[in-house]
1. Against the conditions (1) within 16 Å of T315 (Cβ to Cβ); (2) hydroxyl-bearing (S, T, Y); (3) out of contact with any strand residue (DSSP E or B) (no Cβ under 9 Å at 6 or more places or on another chain), where does S106 fall short? Just the number, please.
2. So, in region 11-28, exactly how many residues are part of a loop (DSSP other than H, G, I, E, B), open to solvent by 10 Å² or more (accessible area, probe 1.4 Å) and away from ligand 1 (no atom under 16 Å from the Cβ)?
3. I'm trying to understand the selection: among the residues of region 137-192, which are touching a helix residue (DSSP H, G or I) at 6+ places or on another chain (Cβ under 8 Å), more than 14 Å from G275 (Cβ to Cβ) and small (G, A, S)?
4. Tell me the residue from I268, I254, I288 that is modelled with pLDDT of 95 or more and part of a loop (DSSP other than H, G, I, E, B), please.
5. Taking K296 and the conditions (1) in contact with a Phe, Trp or Tyr (Cβ under 7 Å, 6 or more places away or on another chain); (2) over 19 Å from I159 (Cα atoms); (3) not acidic (D, E), which numbered condition does it fall short on, given that it satisfies the others?
6. Say whether the condition of being touching a residue at least 60 places away in the same chain (Cβ under 8 Å), part of a loop (DSSP other than H, G, I, E, B), within 16 Å of ligand 1 (Cβ to nearest atom) and not assigned by TED's automatic domain parsing to the domain that holds T162 is met by at least one residue in region 309-322.
7. In region 292-301, is there at least one residue being assigned to a helix (DSSP H, G or I) and either within 16 Å of ligand 1 (Cβ to nearest atom) or more than 19 Å from the chain's Cα centre (by Cα) (or both)?
8. Determine the pairs where a residue that is in contact (Cβ under 8 Å) with a residue 24 or more places away in the chain, located within region 168-183, has a partner that is open to solvent by 20 Å² or more (accessible area, probe 1.4 Å) and charged (D, E, K, R) with Cβ atoms under 8 Å apart, the partner being 6 or more residues away or on another chain.
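The values are calculated or read from the model by the stated rules, or taken from the named source; none is laboratory data. Not measured: the values here are computed from a predicted model. Every residue, glycine as well, gets a Cβ built from its backbone with ideal geometry; the counts of neighbours run over all protein chains shown. Just the protein is used for accessible areas: all its heavy atoms, side chains included, with ligands, DNA and RNA removed. Shrake-Rupley method; radii C 1.70, N 1.55, O 1.52, S 1.80 Å.
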Amino acid sequence: MKNKNVLILGIESSCDDTAAAILKGDKLLASVVASQEIHQNWGGIVPELASRAHQQNIVPVVEEAIRRAKIHKRDLQAIAYTRGPGLLGSLLVGGSFAKGMSQALSIPLIEVNHMQAHVLAHFIDDGQDKPNFPFLCLTVSGGHTQIVKVISPLEMEVIGETQDDAAGEAFDKAARMLGIAYPGGATIDKLSKLGDATRFKFTEPKAPGLNMSFSGLKSSFQYLLRDELKKDPDFIGNNKNDLCASLQATIVKILINKLLEACEIHQIKDIALAGGVSANSGLRDAFIQLRKRGFKSFIPPFEYCTDNAAMIAITGYFKFQAGLFSEVSASANARYPI
Ligand code: KG4
Ligand code: ZN
């Protein structure tokens, strides 16, 4: 079944983005993402609203990807979709659509693990150098924070992960305490550029081995706000930039220190960043700085950091080459491990 120019449609619907993308081999022809703004009113993702919005978006998003790729749907040779992990109701929408379309077109179906896809986004051809195997990938998103040892495209091992909140969750929860709309990670990043990162000190929670923890940091942030607001009711307004910069610096420090420990233990110098939080400028800068210390660091293009379907299609591409197809009977898996 090997075909280096295979035309694959990728479909992603695990959380609050409905996305479709088309790859020809490892080259991107089109990528469309419809983000659901409805959750901003609720300070977090409401699963029922997410699956309803996926149902509304899925057909126009796939049609738009096909139109932008300038192909006909009959040209497609396989459909890759996110089987998990994610919100069950959301996964069901993309999965059912992918299954129906693969049957209608009589083409193979490929199930994809969303976390594996974040890592493999690095291999979409953009003319840049690619990480050498084995490499370590720091995957940081709103739902996950993992250090993954990547042995080959389809062989990965989680060697460390958060024991409580994900790094993105830490950003989003702190943002909420500051009155910033959900998801607040990108806003904290923006305000951090105007603030003093050394102004406030927060707890850096310890976790065994290569695992991480962020919930103590969240509490320490909350206690500081509580104590200072008693003295100055405008404390947040008067100190927002410094609060953001200090919080961001602490999150970046926790992540980078653990990654360096993992590099030392596994004797690996190729490191990559993945997931929504890899859009963070502090984390991207830290990765670039590591090049001066002999590391080869890889940062995905901005559009492949947050959830997208190009990463689902590239994972589909590797699975297609390996002949790994799936059955229509495979059910959505909210906790699908890598
Ligand atoms: O990978 P992703 O799009 O969705 C999940 O699978 O979770 O990641 C979303 C997360 C959110 O927590 C969001 O606040 C965070 O990524 N994020 C950022 C930035 N851009 C997105 N966090 C910090 N700085 C950013 N620039
Ligand atoms: Zn994600």
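1. Of the numbered conditions (1) within 16 Å of T315 (Cβ to Cβ); (2) hydroxyl-bearing (S, T, Y); (3) out of contact with any strand residue (DSSP E or B) (no Cβ under 9 Å at 6 or more places or on another chain), the odd one out for S106 is (1).
2. The number of residues fulfilling the criteria is 1.
3. G160, A174, A175, G179, A181, G184, S192 - these are the residues of region 137-192 that are touching a helix residue (DSSP H, G or I) at 6+ places or on another chain (Cβ under 8 Å), more than 14 Å from G275 (Cβ to Cβ) and small (G, A, S).
4. Numbers: I254 fails: part of a loop (DSSP other than H, G, I, E, B); I288 fails: part of a loop (DSSP other than H, G, I, E, B).
Only one candidate qualifies: I268.
5. (1)
6. The answer is yes; a qualifying residue exists.
7. Within region 292-301, one or more residues are assigned to a helix (DSSP H, G or I) and either within 16 Å of ligand 1 (Cβ to nearest atom) or more than 19 Å from the chain's Cα centre (by Cα) (or both).
8. Going by the 8 Å Cβ cut-off, the qualifying pairs are A170/K218; K173/K218; A174/K218; L178/K240; Y182/D172; Y182/R176; P183/D172.
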